[in-house]
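These notes are about the structure you will find just below.
The values are calculated or read from the model by the stated rules, or taken from the named source; none is laboratory data. Treat the numbers as computed from the prediction; the structure is a model and nothing was measured. Virtual Cβ from ideal backbone geometry, glycine too; neighbours counted across all protein chains shown.
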Amino acid sequence: MPADLVWLDIIVPVLMYCALLWWVGRGLSWTARLATAAVTLLLIIAVLLAERGWR
């Protein structure tokens, strides 16, 4: 895989994570924001692992 695609593999999910966390967390308490951040981060990791064939 070219280096440019690997770089996008990392940057795009992180940006999506930040945008989703900001959008969802606008009216939430800090504990709810942390829970949302953890779940979203786990989903991003799962998607990246699935794309790479669970290696």
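Sort out which residues of the stretch 44-55 are among the β-branched types (Val, Ile, Thr), loosely packed, with under 14 Cβ neighbours inside 10 Å and modelled with pLDDT under 80, and write them in order of number.
First, the residues of the stretch 44-55 that are among the β-branched types (Val, Ile, Thr): 44-45, 47.
Still in the running and loosely packed, with under 14 Cβ neighbours inside 10 Å: 45, 47.
Hits for the stretch 44-55: nothing passes.
Could you check the stretch 1-21 and list, in sequence order, the residues that are at pLDDT 80 or above and exposed (fewer than 11 other Cβ atoms within 10 Å of the Cβ)?
Correct list: Ile11, Leu15, Ala19.
Among residues belonging to the stretch 26-43 that are free of Cβ contacts under 8 Å to residues at least 12 places away in the same chain and surrounded by 12 or more Cβ atoms within 10 Å (Cβ to Cβ), point out the one that is nearest to Val12 (Cα to Cα). Break it down into steps so the answer makes sense when it comes.
Taking the stretch 26-43 as the starting set, the residues that turn out to be free of Cβ contacts under 8 Å to residues at least 12 places away in the same chain are 26-32, 34-35, 38-39, 42-43.
Next cut, surrounded by 12 or more Cβ atoms within 10 Å (Cβ to Cβ) only: 28, 32, 34-35, 43.
On the way: Leu28: 24, Ala32: 24, Leu34: 21, Ala35: 21, Leu43: 14 Å.
Step by step, filter the stretch 26-43, then rank; the result is Leu43.
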